[in-house]
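Notes to accompany the following structure.
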Amino acid sequence: MANSIYKNKTAVALGDFDGMHRAHKTVVTGADNVIIYCVNNRFSLLQKSIFEKRYKNVVFARFEDIKNLSGEEFIQKVLIDKFNAEVVLCGFNFRFGKNASWSAADLRAHLEQHGIWVRILEHLDFDGEPISSTRIRKALEIGEIERANEMLGYNFTYESEVIEGDKRGRTIGFPTVNQKIPESLTKIKFGVYESVTVIGDKRYKSFTNIGIRPTFRLESPLSETHIFGFDGDLYGQTVRIELVRYIREEKTFSSVDELRLQLQNDKSSII
């Protein structure tokens, strides 16, 4: 064995883990203190910053370092030499090696020769089809946030620094926390969402407009959140937003009074 930093035998879960959805969780809970090895870091459903906070045993692969390894080289250099693996866990559709030429079954057949046990997890269904990151991204694109959340097993979440806006919301009784949407995230349908805002260790009901705000048009999409029962300065702080339910599409209002009334109705639908 090469000089691994893991002196004791380990359990390693393999996958892309984009979003760490419910099916992924069946993989990573298959052994005690499992090392989560993310082989292709997309982070389109769950930001890396949040991933690291939720899963302390995660190791992010440098895709450039592994993409040209053969199946045998990946097994030897990564699983045996790097991780000192005793148990390996993966999903039924896991592929690896150059050009994704090796399957989960190939992984098991090869590792058994080294006395390493491989557990292959079958798919987990939702509404009669396997849960996948692709299905979740599609649900988010068309505003089916509740379906996306059911497949994820948690509310779709993002975090970013609070920036200054035009302060227009406070003039009509609805001050907002303004944030750029992280570039790595998948496309989210524009509109107004029931949300939860996490500030430190406190959770607040809120609603969030994602989009270009057609009445007072923006040049690029923005996340604007009105937090219920909060009064404070958050500029420069990193705030977390969880999307709970899609309320309505963005629309143009003919007057400030019409906009204020709509925002009052939006709030009432949540309270």
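Every read-out reported here was derived from the displayed coordinates using simple, explicitly stated rules and does not represent laboratory data. Just so it is clear, the structure is predicted and the values come from calculations on it, not from any experiment. Neighbour counts run over all protein chains shown; Cβ positions are idealised from the backbone, glycine included.
Summing charges over all other residues whose Cβ lies under 9 Å from the Cβ of L46, with Lys and Arg as +1 and Asp and Glu as -1, gives +1. Taken about its Cα centre, the chain carries a charge dipole of roughly 200 debye when the Cβ of each Lys and Arg holds +1 and the Cβ of each Asp and Glu holds -1. Where both bridge residues fall in the chain, DSSP classifies roughly 70% of the beta bridges as antiparallel. The charge dipole of the range 10-126, taken about the Cα centre with unit charges on the Cβ atoms of Lys, Arg (+1) and Asp, Glu (-1), comes to about 420 debye, rounded to the nearest 20.
Quick one: in the chain, what % of C-alpha pairs are over 26 Å apart? Looking at the chain, the distances longer than 26 Å represent 49 percent of pairs. A simple charge model with +1 on the Cβ of Lys and Arg, -1 on the Cβ of Asp and Glu and nothing else charged puts the dipole of the range 99-228 at about 520 debye relative to its Cα centre.
Across q = 0.17, 0.22 Å⁻¹, the range 1-133 modelled as identical point scatterers on its alpha-carbon atoms has Debye log10 I(q)/I(0) values of -0.90, -1.54, in the order of the q list. By definition, a body whose alpha carbon gyration tensor gives a ≥ b ≥ c is rounded when a/c is under 1.5, and the range 155-270 falls into this rounded group. Dipole of the range 10-126 computed with +1 at Lys/Arg Cβ and -1 at Asp/Glu Cβ about the Cα centre; of C90, S70, L46, farthest Cα towards the positive end is L46. Per-residue ellipticity at 222 nm, computed for the chain from helices alone with -39500 (n - 2.57) per DSSP H run of at least four residues, works out to -6000 deg cm²/dmol. Need the list of lysines near K53 for cross-linking: C-alpha distance under 27 angstrom, and skip anything on the same chain fewer than eight residues off. Output for K53: K7, K9, K25, K67, K82, K138, K180, K187, K189, K202, K205.
Each peptide in 259-267, 103-111 receives the mean, over its residues, of other Cβ atoms within 10 Å, and ordering these scores from highest gives 103-111, 259-267.
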